[in-house]
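Written below as structure tokens is the structure these notes are about.
The values are calculated or read from the model by the stated rules, or taken from the named source; none is laboratory data. Small disclaimer: the values here were computed from a predicted structure and weren't measured. Virtual Cβ from ideal backbone geometry, glycine too; neighbours counted across all protein chains shown. To get the accessible areas, we keep the full protein, side chains included, count just its heavy atoms, and leave off ligands, DNA and RNA. Shrake-Rupley method; radii C 1.70, N 1.55, O 1.52, S 1.80 Å.
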Amino acid sequence: MRGTGQGTGTGAGRVAAAAAAALVAVCGCTVQPAGADGQQRAPVRIDVSGAPPAPQPSQPPQAPRPSQPPQPSRPQPPAPSQPPSDDRPSPGRRPSAPPVPPAAPVLWSRGDTGRDVRELQARLRQIEWLFDGPTGTYDDLTERAVRGFQGKRGLPPTGRTDTVTWQRLLGMTREPGWWDLYLMGGQPAAAPDARCLTGRVLCVSKSSRTLRWMIDGRTVTTLPVRFGSDAAPTREGVFQVYWKSRHHWSTLYDTPMPYAMFFSGGQAVHYSADFAARGYAGASHGCVNVRDEAAIAELYRQVRNGDKVVVYR
């Protein structure tokens, strides 16, 4: 009977252990064995819902080896300051380049004509960038002179006179006089004298240095002329052409006087090679000089003996 009782007790113990294991799996708690006083202890709850605890290292961490000291951390450079949000370029777009200043406005260039071009040429003559007399036409010589002036002063050598070039030239030169502007002639003709308004007249103005060839008050042609010096002035008044000499030679001054039209003693209207070369830098011995040979050749063809000559201021 004892053996039966022990078997029964052993089987009952196994059943109880299995039940306890099932209870642990379901409820997450462990049944504690009885204490010394034979009393059961309260179960201890174990939380199995979270992640399992990290395994503990089997060996404590080793200290770094002497041959490999820890490297000090390098200081990081400060982050660049950001511009205000409204100045930041939009994503994907490069900042625009600074605007290029506009070129100075051009006042005169090749092909222009007029009194302003004459003044430009006269001022260029003052500083020896141009040697020909002012013509009033912006030609290749004027363009070359402007380009040289610009290059000498660090300006863009375009050959065109812009506002910057003009202001620099004004600062280096003086206001040109009337005859500086018309050194080689071409000045506007003065109003004709009242004595020139009838008939066929060579109307000569000393004030504007011009000769009008007029027929019955109508101007046929106008030519620049020069006169005698203070020592040998051209006489003023009303005269007539009394002699024409196509290939005349002055025996008094030993000089040619082609296309001569005499009106007062030895004074005549004629072509002058010196006037053509030097302009108003020279003077005649009292004659009325013409510098345009083709023009005076045509004038000589039209003028007749007996035509009136009026010389006035």
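Listing for the model above:
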quantity	calculated
Candidates 154, 133, 186, 159, filtered to the one that is open to solvent by less than 20 Å² (accessible area, probe 1.4 Å), part of a loop (DSSP other than H, G, I, E, B) and either touching a strand residue (DSSP E or B) at 6+ places or on another chain (Cβ under 6 Å) or farther than 21 Å from residue 226 by Cα (or both)	159
All positions within segment 189-230 that are among the hydrophobic types (A, V, I, L, M, F, W, C) and open to solvent by 50 Å² or more (accessible area, probe 1.4 Å)	191, 194, 197, 220
Residues of segment 162-183 classified as in a loop (DSSP other than H, G, I, E, B) and basic (Lys, Arg), total	1
Test: residue in segment 96-107 that is open to solvent by 80 Å² or more (accessible area, probe 1.4 Å), out of contact with any helix residue (DSSP H, G or I) (no Cβ under 6 Å at 6 or more places or on another chain), modelled with pLDDT under 85 and assigned to a helix (DSSP H, G or I)	no
Complete set of residues in segment 182-213 that are in contact (Cβ under 8 Å) with a residue 12 or more places away in the chain and over 25 Å from residue 136 (Cα atoms)	193, 195, 196, 197, 198, 199, 200, 201, 202
Lone unmet requirement of (1) in a helix (DSSP H, G or I); (2) at pLDDT 95 or above; (3) closer than 27 Å to residue 223 by Cβ for residue 148	(3)
Conditions (1) free of Cβ contacts under 8 Å to residues at least 12 places away in the same chain; (2) within 22 Å of residue 307 (Cα to Cα); (3) assigned to a loop (DSSP other than H, G, I, E, B): number failed by residue 247	(3)
Residue ID - surrounded by the most Cβ atoms within 10 Å (Cβ to Cβ), chosen from residues in segment 232-261 that are under 26 Å from residue 186 (Cβ atoms) and among the aromatic types (Phe, Trp, Tyr)	259
Only listed residue being within 47 Å of the chain's Cα centre (by Cα) and small (Gly, Ala, Ser), chosen from 205, 229, 250, 245	205
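For every residue, the table says whether it meets (1) in contact with a helix residue (DSSP H, G or I) (Cβ under 9 Å, 6 or more places away or on another chain); (2) modelled with pLDDT of 95 or more; (3) among the β-branched types (Val, Ile, Thr); (4) part of a strand (DSSP E or B).
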| residue | (1), (2), (3), (4) |
| --- | --- |
| 220 | yes, yes, yes, yes |
| 235 | no, yes, no, no |
| 256 | yes, yes, no, yes |
| 270 | yes, yes, no, yes |
| 305 | no, yes, no, no |
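Condition check ((1) in contact (Cβ under 8 Å) with a residue 24 or more places away in the chain; (2) open to solvent by 30 Å² or more (accessible area, probe 1.4 Å); (3) within 48 Å of the chain's Cα centre (by Cα)) across all residues:
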position: 271; (1), (2), (3): yes, yes, yes
position: 274; (1), (2), (3): no, yes, yes
position: 280; (1), (2), (3): yes, yes, yes
position: 285; (1), (2), (3): yes, yes, no
position: 290; (1), (2), (3): yes, no, yes
position: 296; (1), (2), (3): yes, no, yes
position: 300; (1), (2), (3): yes, yes, no
position: 309; (1), (2), (3): yes, no, no
